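Since the structure comes first, as structure tokens, the remarks are kept for the end.
Since every read-out is calculated from the coordinates, none of them should be taken as a lab result. For clarity, every value in this text was computed on a predicted model and none was experimentally measured.
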Amino acid sequence: MNHPKTFSLSLQKHFSQKPRELDSDFRRAFDNLKLRSLLRCCGIFKERGIDTITLLFWIALLPFFKKPMTSLWSSEYIARKIDAKKDTYYRFLNNERFNWRKLVYKLATKVIALADQTPLKQKVIIADDTISNKTGKDMELVSYHFDHKEKRQALGYQCLQIGYHNGIHFFPLDVAFHTSKRRPNTQVRQIDKRTCGWKRRQEAFEKKTDILVQMLQYAWNSGIDAACVLFDSWFSYDSVIHKVVETGYDVVCRLKNGNVQYQYQGKKYTLKQLWSQFAKKQLRWIDGYPVKGCCLIVSLPETGEVKLLFTSDGHRNWHGFLATDLSLSASQIVDYYSRRWAIEVFFKDAKQMLYLGKEQSKTFDAAVSGYSMVMIRYLLLIYLINNGRLIGPLGPLFREISDTELMLAVADKLWEQIKQSLLKSIDLFLDKIEYKSVTKLIDIIENTMFGIKPPLTAKV
């Protein structure tokens, strides 16, 4: 039997023309949610070179590989999958024309629609802010902010986040960056004023209360339906509450013990006066909660009539809450506000698992795209939890996907070594083996390996 001397080289050419990927739930999520179409719709595409869906996929996978950004071009495993250099990734993340806000909203609404059968009264929007810490003083628009948890000044971006909560899971919707006047670097990158990047930069200089109202109006216009908006006392100004109600949402929030005047029974009182003169004497146990409470109907100059709830643990400590829906009971107000904790869990998961604040670039556009990638990762995990009908926190699922991706990377590398050894040694058996038999055998092995689709089993 005569074989050409280039038999093994022909085999290598045969298999190099048949690129395969070890399948995983994360890859299938990209396909099922049609992220390629969403990217195109949001103007996130390239005319030539490596397409944006491929770059997005590998950047999204970084936390699951537990690798830094540099591994995208230094890792042998990733280099075999995508021939992209350092500049390719940074151009993608630093592009000021990409509409990341629109992409996150479109992905979020799709994930919500696939998972949501929740009645309106269970749907809420939660708003809060966090600090994305940075160490580089040369970064664009980075500034000093007071961290209330650490009780000190912190260098970074103050990020105002809103998200949707259906009573079970939190779905991040939007983020806005805020910069203070204490900026070590006052230079701002000069770009086209028509781009998304320029608009996000201008937004960073606005008041947080104004940005919150704009974000909620955008959510309303995007079709996000909710019974109310939840936020803490930092945003509980009469003017802010009034503007939020005008967008179409009710409000449940905690109140500051300040000098704001509430009209009650024809007279004006501060929150502390209402507590000491009226609410303290009318406390009753709140159904389902180990605290006592009292509700009063008062009026604010701009918002009009609202319901105040005063709660007490039976000692000297007391707190005030506000609801614009007068029909809510004390237990419903407490139940709504207690769900605000979901956004704190999101911040913790984003920082500890999903690489929030770990983008390695000096530009403001990279900070925006980096935070958007965090929200995309979180939404993909929520989609996988809902798709697998799992209930619980994201931690166990994150660890399972991380272990799966690492295992697939090892399996892929091992198979490549086995295949290369087989191809190099094939010339030893030229007189005993057919060319078609070799290709058929390796095809069978690869079809078996790459066709495996293990279901999610995380005990969450």
### Task
Holding the Cα-Cα limit at 25 Å, pick out from LYS207/LYS256; LYS85/LYS137; LYS34/LYS193; LYS243/LYS292 the pairs that are longer than that.
LYS85/LYS137; LYS34/LYS193; LYS243/LYS292
### Message
Just to be sure I follow: if Rg is taken over the C-alpha atoms of the range 228-331 and Rh is the Kirkwood radius over the same atoms, what is Rg/Rh?
### Response
0.94
### Task
Normalise the Debye intensity by I(0) for the range 36-106, one equal point scatterer per Cα, no solvent, then take log10 at q = 0.12, 0.17 Å⁻¹ and round to two decimals.
-0.32, -0.64
### Query
What shape does the range 191-280 take by its C-alpha gyration tensor, where a ≥ b ≥ c are the square roots of the eigenvalues and a/c under 1.5 counts as rounded, a/b above b/c as prolate, and the rest as oblate?
prolate
### Task
Please provide three numbers in whole Å: the alpha-carbon extents of the range 93-190 along the principal axes, with the largest listed first.
48, 36, 17
## Note on the structure
Hydrodynamic calc, the range 275-349: Kirkwood Rh from Cα pairs, then Stokes-Einstein at 4 °C with viscosity 1.567 mPa s, so D in µm² s⁻¹ is 97 µm²/s
### Query
Which three lengths, in whole Å and largest first, does the range 251-304 cover when its Cα atoms are put on their principal axes?
33, 25, 18
